[in-house]
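The next block holds one structure in the form of structure tokens; read it before the comments.
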Amino acid sequence: MATPHVAGAIALLLSATNIKAEVDETERAFVIQDLMTGSSEELGESGQNHRFGFGRIDILRALGFARELGY
């Protein structure tokens with residue numbers, strides 16, 4: 001069930017920011033990935049691991065980071 005949650009979080013991120021308009025389409029996926037992984041809550045060891053991946057999505061923190069970056 002992780003895929004629908006991530007897809008929904010990305011949809012929220014794109015609808016609440018200007019990423020689609022301001023970021024070139026070739027770089028958009030990298031910006032979204034950086035925002036999502038940078039804002040996730042660590043549940044296990046630092047970074048990606050086999051049990052928790054990158055951690056739990058925190059879409060509000062991702063939106064805050066996007067706003068700080070001017071999106």
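For the reader, a short list of remarks on this structure follows.
- Of everything in the range 33-71 that is in a helix (DSSP H, G or I) and small (G, A, S), the residue that is surrounded by the most Cβ atoms within 10 Å (Cβ to Cβ) is A62.
- Restricting the first member to the range 3-32 and to residues that are touching a residue at least 12 places away in the same chain (Cβ under 8 Å) and open to solvent by less than 50 Å² (accessible area, probe 1.4 Å), and the second to residues that are part of a loop (DSSP other than H, G, I, E, B) and among the hydrophobic types (A, V, I, L, M, F, W, C), the beta-carbon pairs closer than 8 Å and six or more apart or on different chains are A9/I57; V31/V23.
- Any hit, the range 6-28, residues being in a helix (DSSP H, G or I), in contact with a strand residue (DSSP E or B) (Cβ under 9 Å, 6 or more places away or on another chain) and either closer than 25 Å to G70 by Cβ or of a type in the set (A, V, I, L, M) (or both): no
The values are calculated or read from the model by the stated rules, or taken from the named source; none is laboratory data. As the structure is a computational prediction, the values presented were derived from the model and not from experiment. Cβ sites come from the backbone with ideal geometry, for glycine too, and all protein chains shown count toward neighbours. In case anyone asks, the SASA skips ligands and DNA or RNA and just uses the protein heavy atoms, side chains included. Shrake-Rupley method; radii C 1.70, N 1.55, O 1.52, S 1.80 Å.
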